[in-house]
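Please treat every number below as a calculation from the coordinates, not as lab data. Everything numeric here is computed off the predicted structure, so don't read it as measured data. No Cβ is skipped: glycine too gets one built from the backbone with ideal geometry, and neighbour counts run over all protein chains shown.
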Amino acid sequence: MEIMNVMYELATTKSALEMAETTIRKQRGKLLRKNILIAGLLWFGVTACRMLGESDEKRKEAEEDARKLKVALANTQQVLDEVNRKNSEQFWAEDSVGEPEPEKDICCDGCATITKKDV
C-alpha cells in the first residue's frame, strides 16, 4: 500500500512539474516578446531624438544663413542706392565750362553706359 502511495505521489508530482514547465515556457515566450517590444520602442525613441536634434541643428543653420543673406541684401541695396544717387547727380550736373555733357545711353542693367561722341 505504501508503494502505491509513493507511485501516486510520483505521478502527481510529475504531472505538476510538466504543467509548471509548460507554464514557464509560455511565460518565457511572453517575456521574450515583451522584451523585444521594449527594445524596439527604446530604439525608436533614441532614433527619433537623434533625428529631432539633427533637424534642429539644420533649422538653426538655415536661420543663420537667412540672417547673413538679409545683411548682404541690405548692403547691396545700400550700394545700389548710392550708385543710383551718384548717377542721377552726374546726369543732371552740367559741365563747368557750360557745355552740355555728351549724350549717354544706359544699358539694360543700368550699370554700363555708352558715351556718344559727335563726329
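Distance from the C-alpha centroid of the stretch 52-91 to that of the stretch 3-22: 87 Å, rounded to the whole angstrom. For the stretch 1-68, the equivalent ellipsoid built from the Cα gyration tensor has semi-axes of 65, 5, 4 Å, listed from largest to smallest.
The distance between label points at N5 and F91 comes to 12.5 nm (points 7 Å beyond Cα on the Cα→Cβ vector). Here N84 and E63 are evaluated by their C-beta separation; at R0 = 41 Å the FRET efficiency comes out at 0.85.
When you filter the GluC sites (Glu not before Pro) in the stretch 49-95 for DSSP loop state and at most 10 other Cβ atoms inside 10 Å of their Cβ, you are left with E94.
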